[in-house]
Amino acid sequence: MRQNKQNKENKLIIGASNGWFYSIDIFSLEKQEEVLKNTGADAVEFNLNWDKKRFDSLTNQTSGNYKYKSLHLPKFMPPHTVEEIIDIAKKIMQTQQPTTLILHPTDLSESDYEKLSKANLPIAIENMDSAIEEGHNIEQLKNLIEKYNFNFMLDVQHAYDHDSSMKYTEELFNTFKDKIKQLHISGETPTSIHELAYKSDNKKVIIEFTKKILKIKNIPIIIEGQYKSETELKNEIDFLKKELSL
């Protein structure tokens, strides 16, 4: 019985966005990996914006032996073009070989989506929170994903932000179950909608629903809560591993 429990725990893939490292000027992927592994992470999401130093770090270095890697593409932001996003994605695919490229479905035209689709990249569309006008209507997401053959990245906290009963989250999961490649996990407090789950006011709901998902499908988890130290990240990973043990 203990062996079965251990095997299930080993299937959990949990990591974090590396945006915090960039914010404190740690651009060495080797150093980032050392810290992440110390916290118990075995996955990483490379967080890209339009900062050239971030791009250079991901094209001039290679990353280590993670079980899962993803790349959060920069937000579409004129005067930058979708062609730039495609070029950036292809270059980082060569060096880091991420499994999933996460894209916010905001401010993009039909022509932009056509170009992204034809680029043959492993793009997963992320559902947006209620502060953003686009990217949360299920029918619109479904049409986008089906038309352009994209995958889906389920942000559980973003979905909770629309409906704390989790009925909307469940509908998202049921609609895109076969297309989901990654989960974002965080929580909220009165002052933050990107709080670490272990510090959040809604941790019980987030954990219960995430556990429900994992019983159906083993999906890599990336911590979306904003951590400010290695200790905070380790606390979050320890918390999630304990609470999500099936």
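Sort out which residues of segment 98-126 are of a type outside the set (A, V, I, L, M) and over 16 Å from the mean Cα position of the chain (by Cα), and write them in order of number. Working first, answer last.
First pass over segment 98-126, keeping only residues of a type outside the set (A, V, I, L, M): 98-100, 104-107, 109-115, 117-118, 120, 122, 126.
Passing the criteria: 106, 107, 109, 110, 111, 112, 113, 114, 115, 117, 118, 120.
Name the residue that is farthest from residue 128 (Cα to Cα), counting only residues in segment 50-63 that are surrounded by 14 or more Cβ atoms within 10 Å (Cβ to Cβ) and not hydroxyl-bearing (Ser, Thr, Tyr).
Ranking the qualifying residues of segment 50-63, first place goes to 61.
Scan segment 86-131 residue by residue and report those that are farther than 22 Å from residue 59 by Cβ, among the charged types (D, E, K, R) and not in a strand (DSSP E or B).
107, 110, 112, 114, 118, 129
Within segment 212-235, can one find any residue that is in contact with an Asp or Glu (Cβ under 6 Å, 6 or more places away or on another chain), among the aromatic types (Phe, Trp, Tyr) and at pLDDT 95 or above? Steps first, please.
Kept after step one, since they are in contact with an Asp or Glu (Cβ under 6 Å, 6 or more places away or on another chain), are these residues of segment 212-235: 222-223, 225.
From what's left, among the aromatic types (Phe, Trp, Tyr): none.
No: segment 212-235 contains no residue that is in contact with an Asp or Glu (Cβ under 6 Å, 6 or more places away or on another chain), among the aromatic types (Phe, Trp, Tyr) and at pLDDT 95 or above.
Mind listing just one residue for me: the one in segment 186-216 that is in a loop (DSSP other than H, G, I, E, B) and polar (S, T, N, Q) and, of those, farthest from the chain's Cα centre (by Cα)? Full working, then the answer.
Step one: list which residues in segment 186-216 are in a loop (DSSP other than H, G, I, E, B), which gives 186, 190-191, 196, 200-202.
If we keep only those that are polar (S, T, N, Q) as well, we get 186, 191, 200, 202.
Working: 186: 10, 191: 22, 200: 18, 202: 19 Å.
Of everything passing the filter in segment 186-216, 191 is farthest from the chain's Cα centre (by Cα).
With respect to residue 113, is the statement that it is under 27 Å from residue 78 (Cβ atoms), buried (at least 16 other Cβ atoms within 10 Å of the Cβ) and either without any contact (Cβ under 8 Å) to a residue 40 or more places away in the chain or β-branched (Val, Ile, Thr) (or both) true?
So residue 113 fits the description; yes.
Please indicate, with yes or no, whether at least one residue in segment 157-164 is at pLDDT below 95 and over 24 Å from residue 80 (Cβ atoms). Give the steps one after another, and end with the answer.
Of all residues in segment 157-164, those at pLDDT below 95 come to none.
No: segment 157-164 contains no residue that is at pLDDT below 95 and over 24 Å from residue 80 (Cβ atoms).
Out of 188, 170, 133, I need the residue that is surrounded by fewer than 14 Cβ atoms within 10 Å (Cβ to Cβ) and among the acidic types (Asp, Glu). Which one?
Working: 188 fails: surrounded by fewer than 14 Cβ atoms within 10 Å (Cβ to Cβ); 170 fails: surrounded by fewer than 14 Cβ atoms within 10 Å (Cβ to Cβ).
Checking each option against the conditions leaves just 133.
Restricting the search to segment 77-99, which residues are touching a Ser or Thr at 6+ places or on another chain (Cβ under 7 Å) and surrounded by 14 or more Cβ atoms within 10 Å (Cβ to Cβ)? Write out each step before concluding.
In the first step, residues of segment 77-99 are kept if they are touching a Ser or Thr at 6+ places or on another chain (Cβ under 7 Å); the result is 91-92, 95-96, 98-99.
92, 95, 96, 98, 99, listed by residue number.
Could you check segment 192-208 and list, in sequence order, the residues that are at pLDDT 95 or above and surrounded by fewer than 17 Cβ atoms within 10 Å (Cβ to Cβ)? Talk me through it step by step, then tell me what you get.
The first filter runs over segment 192-208 and keeps only residues at pLDDT 95 or above, leaving 195-208.
Across segment 192-208, the qualifying residues are 201, 204, 208.
The values are calculated or read from the model by the stated rules, or taken from the named source; none is laboratory data. Everything quoted here is computed from the prediction, not taken from an experiment. Glycine gets a Cβ as well: all are built from the backbone with ideal geometry, and neighbour counts include every protein chain shown.
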